[in-house]
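Here is the structure we will look at, set down as structure tokens.
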Ligand code: AMP
């Protein structure tokens, strides 16, 4: 199947050619015909599958065909709502690339920065708006955005919207949409509350599912190292020094952890930058820009900050911490091995993270290959032995504590009771 066979307008075909896209990805092949027919769409797919073009291209196609030499100020006809600033910027860049020869205009709005330049762009007139929920509602309430002429609405990464606490904002936005519209709803996972939300938004829809296990198993070479928490920095430094020219994205579960990793790398003379919610928008953009340009080889990110990172030459993802939510693993390793490339994802697993690994393997329906023993790496058996020893130690110390308190008689018990009372 080619893009031409999908019946897309010439300026869009030309732009896709410039982008170097030869064939549609599975989600594009399935979603584009549905959207060209004018039907609503439920897309169960993660970032990295080519879903931005799957919704962006048909929207551009419709808008281009209905332009008819349009005069005067442009009116807002398509809206994409997405959870993070990085993702919003990424989607805006995709619309600009795919719509390069159509004359259509898009802009991006998100919170955490002053609104003036965003308002000016809206005032000058845009066809397509990409927005994060909070700033969208804010500017709507101030009267800068009208849904009157809206024809296309995309809700992107619905599951992350809910994880990030945007449910009320999303419901408010949905309640203000015009009834006659084409709606698109994307989510990587479909728990009950997401199904309910999709029903609120979609009319007569078709569903396209791109299974995560397809995306991970086929594209990304995976591996896991069993390593103690204390040895993780040493293993990371070793792996990075082995690949000085690779662009590496390192995932940390927490913001504090991301900063700590950066510090350890600095001590080993490895340049890196951390991006997470506590960093200013400018610092995040700068780090991301340097990483994309190849000036910075190592980027450390938390999951939320990493949404939307799309770097063509990203060769390696390292899960410094294993995520406790299995779907997050799929999102993370989807950063590498994007639509046409293959990539490598290596995970560090300490004793406490073993249950997470089991959950991940259940979700992706495959065993993550065990990496060969390394200087700092334990075999799986050693991990089990260490875990048992740790449990035994804590059992022994509890027993000793109990024995001591029993032997010290009534007076101490009384003291302990008082201490406990104070503590709670
Ligand atoms: P997305 O899931 O939209 O974030 O896309 C993931 C990556 O795949 C981006 O780098 C896109 O530029 C790239 N991509 C999207 N569609 C195609 C295609 N048909 N052929 C090659 N690369 C693509």
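Quick notes
- Every Cα-Cα pair in the chain was counted, and those over 39 Å apart are 29% of them.
- Taking every DSSP beta bridge that has both ends in the chain, the antiparallel portion is near 5%.
- Placing R0 at 45 angstrom, the Cβ-Cβ distance between residue 264 and residue 18 gives a FRET efficiency of 0.60 after rounding to 0.05.
- Stokes-Einstein D (µm²/s) once Rh is taken as the Kirkwood radius of segment 1-105 over alpha-carbon pairs, at 37 °C in 0.692 mPa s: 230
- Estimated FRET transfer efficiency when R0 is 41 angstrom, pair residue 115-residue 199 (beta carbons, to 0.05): 0.80
- Point-to-point label distance, residue 324-residue 100, nm (Cα→Cβ direction, 7 Å offset): 4.5
- Principal-axis tilt of helix 255-267 within the chain, Cα atoms, nearest 10 degrees: 80
- Listed peptides 109-120, 267-278, 53-64 by packing density, highest first (mean Cβ within 10 Å): 53-64, 267-278, 109-120
- A Förster distance of 22 Å, applied to the separation of the beta-carbon atoms of residue 176 and residue 65, puts the FRET efficiency at 0.25.
- Kirkwood Rh and Cα Rg combined as Rg/Rh, segment 106-262: 1.07
- The spread of Cα positions in segment 1-63, taken along each principal axis and listed from longest to shortest, comes to 28, 24, 19 Å.
- Overall Cα dimensions of segment 4-211, principal axis frame, Å, largest first: 43, 42, 30
- Among beta bridges identified by DSSP and lying wholly in segment 214-382, the antiparallel ones come to about 10 percent.
- Helix 354-364 axis versus longest C-alpha principal axis of the chain: approximately 30°, rounded to the nearest ten.
- Across segment 4-211, C-alpha contacts under 8 Å between residues 6 or more apart give a mean separation that, scaled by the residue count, equals a relative contact order of 30 percent.
- The C-alpha atoms of segment 214-382 occupy a region whose extents along the principal axes are 44, 35, 28 Å, arranged from largest to smallest.
- Structural descriptor for the chain: relative contact order 17 percent, calculated from alpha carbon pairs under 8 angstrom and at least 6 residues apart.
- In terms of packing, defined here as the mean over residues of other Cβ atoms within 10 angstrom, the peptides 24-37, 188-201 line up highest first as 24-37, 188-201.
Where a number appears in this text, it was derived from the coordinates with a stated rule and is not lab data. Treat the numbers as computed from the prediction; the structure is a model and nothing was measured. FYI the Cβ positions are ideal-geometry reconstructions off the backbone, even for glycines, and counts take in every protein chain you see.
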